[in-house]
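For reference, the structure is listed below as C-alpha cells.
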There are 6 protein chains.
Amino acid sequence: MAKAVYPGTFNPMTYGHLDVIRRGAAIFDELVVAVTGRSVTKNPIFTEEERASFLRRHTQDIRNVSVEIFDTLAVDFVRAKGFHVLLRGIRTMSDFEYEFQMALTNRQLAEEVETVFVMPSLEYSYVSARLIREIVAHGGSVSAFVPEDVEEALKARFER
Amino acid sequence: MAKAVYPGTFNPMTYGHLDVIRRGAAIFDELVVAVTGRSVTKNPIFTEEERASFLRRHTQDIRNVSVEIFDTLAVDFVRAKGFHVLLRGIRTMSDFEYEFQMALTNRQLAEEVETVFVMPSLEYSYVSARLIREIVAHGGSVSAFVPEDVEEALKARFER
Amino acid sequence: MAKAVYPGTFNPMTYGHLDVIRRGAAIFDELVVAVTGRSVTKNPIFTEEERASFLRRHTQDIRNVSVEIFDTLAVDFVRAKGFHVLLRGIRTMSDFEYEFQMALTNRQLAEEVETVFVMPSLEYSYVSARLIREIVAHGGSVSAFVPEDVEEALKARFER
Amino acid sequence: MAKAVYPGTFNPMTYGHLDVIRRGAAIFDELVVAVTGRSVTKNPIFTEEERASFLRRHTQDIRNVSVEIFDTLAVDFVRAKGFHVLLRGIRTMSDFEYEFQMALTNRQLAEEVETVFVMPSLEYSYVSARLIREIVAHGGSVSAFVPEDVEEALKARFER
Amino acid sequence: MAKAVYPGTFNPMTYGHLDVIRRGAAIFDELVVAVTGRSVTKNPIFTEEERASFLRRHTQDIRNVSVEIFDTLAVDFVRAKGFHVLLRGIRTMSDFEYEFQMALTNRQLAEEVETVFVMPSLEYSYVSARLIREIVAHGGSVSAFVPEDVEEALKARFER
Amino acid sequence: MAKAVYPGTFNPMTYGHLDVIRRGAAIFDELVVAVTGRSVTKNPIFTEEERASFLRRHTQDIRNVSVEIFDTLAVDFVRAKGFHVLLRGIRTMSDFEYEFQMALTNRQLAEEVETVFVMPSLEYSYVSARLIREIVAHGGSVSAFVPEDVEEALKARFER
C-alpha cells in the first residue's frame with residue numbers, strides 16, 4: 001500500500017497546491033502534506049504553524065490527507081514515517097530542472113525513496129507563490145489563485 | 001488500490017524502460033505494460049508481438065507486472081482496464097514538453113485518468129531508442145543499453 | 001496603421017488558431033490569415049483550399065480578418081501585401097525555439113518585417129495539430145480542440 | 001488604433017531596451033515606456049527618476065514614445081491609461097518562461113490587456129542588466145551594451 | 001598535443017560550420033572535419049564527395065584543417081585516427097539537449113573520447129541547414145548563410 | 001599549445017569540479033583553476049584562500065594544473081595570463097543558458113578568448129553547490145558529492 005509525503009514551503013498555500021493534494025490523495029492510500037519548518041531560507045510571510053493551519057482547513061474533507069511540520073531533509077522525513085514515495089507537482093521547464101536535480105540528489109541520499117510527479121490543472125499551472133506575494137504587495141486581487149482566508153491573511157500581513 | 005498502465009512503443013525495449021517498470025511496480029499494486037500495436041506511425045523494427053515478448057521475458061520475475069498489446073488511445077486502454085493511472089518515465093526537457101502536452105490532452109479526453117511521472121536511473125537517462133538503432137546500424141555495441149537478446153535481435157534485423 | 005499577416009499550415013485549423021486570430025484582430029487594424037499552399041513538406045490532410053475554407057467560415061464574423069493562400073516565403077508574402085508585421089502564436093518552449101530561429105532568419109531576409117508574438121488562451125496552449133490527427137486516427141473525439149465541421153471532415157478523411 | 005505600454009525596471013537602461021522601444025514604436029500608434037517606481041524589490045542603482053531620465057534622453061527623437069513612472073501592477077497602469085496592449089521583449093528561454101507566467105497572471109487580473117512580444121536585435125539578445133552591473137563592478141567596459149552617459153553614471157555609482 | 005575531429009552532415013555547409021571550424025583550428029593542433037558518408041538517414045541534397053569538396057574549398061587557407069569522409073560511428077572514427085577529442089558547435093537549447101544525449105552515449109561507447117563544445121558567432125547562431133533548404137526551395141536568397149558556390153549548387157539542385 | 005583557465009566560485013569545491021578539471025587537464029597543455037576572490041556577491045562559506053586550498057590539495061597529482069585566486073573579470077584574468085581559452089563545465093539547461101549569456105558577453109569584452117565547454121560525468125551532473133550547502137545545513141551527509149575534508153569543513157562551518 002503506497003503512502004506518500006508531499007513536502008513544500010506553502011508560502012502561501014495556493015489552489016495549485018490543493019489541486020496537487022487532491023490528485024495525490026486519489027492515487028495514494030495516505031498522503032502527508034509536509035510543511036517546511038524554521039529552516040526556510042527565504043523570509044516566510046506566515047509561520048510554519050500558520051501555513052500548516054491553512055492546509056489543514058482546506059484539506060479537512062479529504063479522508064486520507066494529513067498535514068505535518070518537519071525540519072529535516074525531506075527524504076529523512078519520508079524515511080522517518082516509514083513511507084517510500086515523495087510527491088511533487090511539476091508545471092514548467094524551470095520547475096522540471098529544479099525538481100529533477102532535487103530528486104536525483106534525494107535518490108543519492110535515500111535510494112529507497114521514489115519521487116513521483118503529477119501535473120496540477122492547467123488553470124493553476126502558472127500560479128506562483130512569488131507572483132502572488134507581488135500582486136498583494138501592489139494591492140491587486142489574488143482571489144483567483146488562493147482561498148479567501150489566505151488572501152485576507154496576506155493582505156493583513158502586507159498592510160503592516 | 002492504485003493500478004497503473006505504462007504505455008509505450010518499446011522499439012526496442014531498453015534498460016531505461018525496465019528501470020521505469022521496476023520503479024512503477026514498487027509504487028503501484030498492479031502495473032500493465034502496454035505495447036502500442038499496429039498503428040505505430042514510425043516503421044517499427046520489431047512487430048508488437050516481438051516487442052511484447054522481450055518485455056515479458058525481462059519482467060517475468062516481477063510479480064505484479066503484466067504485458068499487453070493495445071491499439072486504441074492510451075487513455076481508452078486505461079479506462080477499458082478500469083484503472084485510473086497512466087505511468088510515464090521522464091528524463092529530459094524535450095521529454096518533459098512532449099509528455100506534458102500528451103498528458104494535458106489525455107486529461108481532456110479522460111479527466112479521471114491521472115498521468116504520473118517517475119525518473120529512470122541517471123545511468124539510463126540519456127538512452128534513446130533512436131540512438132540505439134543508429135548505433136546498431138553502424139555496427140556499434142549497444143550492450144550497455146539493452147539486454148543481450150534484444151541486441152542480438154537488433155543485429156540480425158539490421159544485417160538483413 | 002499596423003496591418004499583420006498570420007501565416008501557417010492550419011492542418012487542421014484548431015480553436016488555438018482561432019484564439020490567436022481573435023487576439024491579433026483586436027491589436028491590428030487588418031489581419032490576413034495566410035495559408036501555406038502546395039509547398040507544405042508534410043503530407044497535408046486537407047488541400048490548401050479546404051484549409052482556407054475552414055478558416056473563412058470560422059472568422060467571417062471578424063470584420064478586419066481575411067484569409068489568403070500563399071506559396072512563397074512568408075516574409076515575401078508580407079512584403080507583397082505592403083505590410084510589415086508577421087503575427088505568430090507561441091505556447092511552449094519548443095515553439096519558442098523554432099519560432100525564434102524562424103523570426104531571426106526572416107529578419108535577415110526582410111529587415112523591415114517585424115515578428116510579433118501573442119499567447120493563445122491557456123486552455124488551447126497544449127493543442128497540437130499532430131496530436132489531433134493522432135487522436136482522430138485512433139477513433140477518439142477531438143471536439144474540445146476543433147469545431148464540429150473540422151472534426152467531421154477529419155473523421156471522413158481518416159475513414160478512407 | 002493600438003497603443004501600448006512597455007513596462008520594466010530599466011536598471012539600467014540598455015541598448016537592448018532601446019531596440020525593443022524602436023520596434024514597438026514602429027508597430028503601435030503610441031508607446032508609453034513605464035518605469036517601475038519605488039516598489040522594486042532588488043536594490044536599484046538609480047532612482048526611478050534617474051532611470052526615466054536616461055530613457056527620455058535616448059528616446060526623445062521618437063515621436064510616439066513617452067516615458068512615465070508607475071507604482072502599481074503593470075496591468076493596472078495599462079488600464080489606467082485606457083490602453084490594452086502590454087509590450088515585452090523576449091530573448092531567451094528563461095525570459096520566455098518568466099514572461100509567460102507573468103503574462104498569464106496578468107491575463108487573469110485583466111482579461112482585456114493583451115501581452116505582445118517582440119525580439120530585440122540578435123546583437124542585444126544576451127545583454128543582461130545584471131551582467132552589466134557585474135562588469136562595471138569589476139572595472140570592465142560596458143560601452144557595447146549601454147550609451148556613454150549610462151556607463152559614466154554606472155561607474156560613478158560603483159566608485160562610491 | 002590535442003587533435004580533434006569535427007563530425008557532421010554538412011548538408012549543406014554553412015557560414016556557421018566554417019565559424020566553428022575556425023574556432024576549433026585556433027584551439028587544437030589539428031582538426032579533421034569529418035563528413036558523414038552514405039549512411040545519412042535523411043535524403044542528402046549533395047553526395048558526401050560534394051559536401052566534402054565545399055568544405056575543402058572553404059578551409060584550404062587554414063593550415064591545420066583537413067576534410068575526410070567517414071562511414072562509421074563518429075567515436076570509432078576519432079579512435080581510428082588516434083585522437084581523443086570530438087568537437088561540436090552548440091547554439092540552442094534543442095541543440096544542447098540532443099548534443100548532450102549524443103555525447104553521453106559516445107562517452108559510454110568510448111570513454112577516452114572527450115566531447116568539447118564551442119559556440120559559433122552570434123550572427124550564425126540561428127542558421128539551420130533545414131531552414132536554408134526551405135528558403136532555396138521557395139526561391140529566396142541564402143547568401144547571408146552560405147558561400148556563393150554553395151548557394152548556386154543548392155539552386156541548381158532545387159531547379160531540377 | 002593551448003592553455004586554459006577554468007574560473008569559478010568553488011563554494012565549495014565538489015567532485016563535479018574535480019571531474020571537469022581532470023577532463024580539461026587531458027585536453028589542454030596547461031590548466032589554471034581560477035578562484036573568484038573577494039568580489040563574490042553571495043556570502044561565501046569559505047574564504048578564497050580556503051577554497052583555493054581545497055582545490056590545490058585535490059589536484060596536486062595532476063601535473064599540468066595549478067590554482068590561482070583572481071579578482072578581476074574572468075576574461076581579463078585569461079588575458080593577463082596570455083591564454084586564450086576559458087573552460088567551463090556545463091550540465092543542465094539553466095547552466096546552458098547562463099553560460100551562453102556569459103560567454104557571449106565575454107566574447108564582446110575579449111574577442112580573442114574562446115569559451116570551451118565540457119560535460120562532467122553523469123554521476124556528478126546534478127550536484128549543485130547550493131544543494132550541498134542545504135543538505136549540510138539540515139544535518140545530511142554529502143560524502144557522495146565532496147571529498148571528506150570538504151565535508152568536515154562544511155559541517156564545522158554550519159555548526160558555528
Name the residue, out of B:F77, B:F46, B:F83, B:F70, that is under 20 Å from B:M102 (Cα atoms) and touching a Ser or Thr at 6+ places or on another chain (Cβ under 9 Å).
-> B:F70
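Among B:S66, B:S53, which is the only one that is among the hydroxyl-bearing types (S, T, Y), closer than 20 Å to B:E148 by Cβ, surrounded by fewer than 20 Cβ atoms within 10 Å (Cβ to Cβ) and out of contact with any His (no Cβ under 9 Å at 6 or more places or on another chain)?
Working: B:S66 fails: closer than 20 Å to B:E148 by Cβ.
When all the criteria are applied, what remains is B:S53.
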Kindly indicate which of B:F96, B:F117 is hydrophobic (A, V, I, L, M, F, W, C), closer than 25 Å to F:E123 by Cα and in contact with a strand residue (DSSP E or B) (Cβ under 7 Å, 6 or more places away or on another chain).
-> B:F117
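Out of the residues in segment B:10-60 meeting the condition of being part of a strand (DSSP E or B) and not charged (D, E, K, R), tell me which one is modelled with the lowest pLDDT.
Initially, segment B:10-60 is screened for residues part of a strand (DSSP E or B), giving B:30-36.
Retained after the next criterion (residues that are not charged (D, E, K, R)): B:31-36.
On the way: B:L31: 98, B:V32: 98, B:V33: 98, B:A34: 97, B:V35: 96, B:T36: 91.
If we take residues in segment B:10-60 being part of a strand (DSSP E or B) and not charged (D, E, K, R), then B:T36 is modelled with the lowest pLDDT.
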Tell me which residues, restricted to segment A:17-35, are within 13 Å of another protein chain (Cβ to nearest Cβ) and over 9 Å from the mean Cα position of the chain (by Cα).
-> A:D19, A:R22, A:R23, A:G24, A:A25, A:A26, A:I27, A:F28, A:D29, A:E30, A:L31
Within the bounds of segment A:38-46, is there any residue that is crowded, with 22+ Cβ neighbours inside 10 Å and among the hydrophobic types (A, V, I, L, M, F, W, C)?
-> no
Test B:A25 against the criterion of being over 26 Å from A:F83 (Cβ atoms) and aliphatic (A, V, I, L, M), and give yes or no.
-> no
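The values are calculated or read from the model by the stated rules, or taken from the named source; none is laboratory data. Computed from a predicted structure; not experimentally measured. Here the Cβ is made from the backbone with ideal geometry for all residues, glycine too, and neighbour counts use every protein chain on show.
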